[in-house]
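The values are calculated or read from the model by the stated rules, or taken from the named source; none is laboratory data. Bear in mind the structure is a predicted one, so any value in this text is a computation, not a measurement. For neighbour counting, all protein chains shown are included, and Cβ atoms are generated from backbone atoms with ideal geometry for every residue, glycine included.
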Amino acid sequence: MLALGAGMGVRRSEIAKLKLRDIKGNSITIRGKGHNGGKVVTRVMPAYVKESIEAYLPMREGIIAKYGDRSEGNLLVKPSRKPGSPMTSMDVSNMVLRLKRATGINFTCHSLRRLFAITVNSVTNLENLRQLMRHSSIEVTFLCYLNANPEIRDKALDEVNDILFGDEVDAQLSNGNRC
């Protein structure tokens with residue numbers, strides 16, 4: 001769950017809906033939110049996401065071997081309270097909450113998605129980030145994920161200030177070059 005959220009920006013509801021058949025080699029098909037079954041995209045998994053899923057599969061098989069397969073083909077199955085049945089988005093949230101309590105680190109499922117957005121934004125442009133986040137508009141990506149982080153907002157403002165009013169612009173203006 002952590003690898004999918006922080007490593008690929010997958011929402012908790014999307015994590016809960018993942019099926020075993022959605023994983024093919026290094027690719028994963030994500031069924032997102034939206035009308036008529038939502039947005040469906042296939043993405044290449046980073047190595048650590050694939051490794052995390054591969055490490056989970058023997059645990060999944062152990063739960064199913066012990067309690068029976070009621071998974072409906074879902075990747076994630078409940079280890080208790082109807083063990084072997086598919087996890088819901090609330091089950092994903094509860095697992096993250098238990099991890100939060102166990103580690104003392106304050107985070108939520110959505111924090112993982114935000115971490116993904118901030119990390120990806122540092123190495124790509126906003127349009128690529130929008131596509132990876134599976135948003136319909138850049139405005140949603142910016143307002144919900146980047147503008148919400150004061151460090152990124154302040155860094156962006158500093159960069160704009162440097163471009164508009166930095167030493168290079170000052171030198172050009174003093175040499176008589178006007179924009």
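Does the range 48-96 hold any residues that are among the hydrophobic types (A, V, I, L, M, F, W, C), surrounded by 14 or more Cβ atoms within 10 Å (Cβ to Cβ) and in a helix (DSSP H, G or I), and which are they?
Val49, Ile53, Ile63, Ile64, Val92, Met95, Val96
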Only one of these is part of a strand (DSSP E or B) and closer than 21 Å to His110 by Cα: Val10, Val41. Name it. Val41
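If the requirement is being within 18 Å of Arg12 (Cα to Cα), in a helix (DSSP H, G or I) and either touching a strand residue (DSSP E or B) at 6+ places or on another chain (Cβ under 8 Å) or at pLDDT 80 or above (or both), which of these qualifies: Leu115, Leu129?
Leu115
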Kindly indicate whether Leu157 is at pLDDT 75 or above and either assigned to a helix (DSSP H, G or I) or more than 30 Å from Val49 (Cα to Cα) (or both). no
Go through the range 97-107 and report how many residues are part of a loop (DSSP other than H, G, I, E, B) and either under 18 Å from Val10 (Cβ atoms) or touching a Gly at 6+ places or on another chain (Cβ under 7 Å) (or both). 1
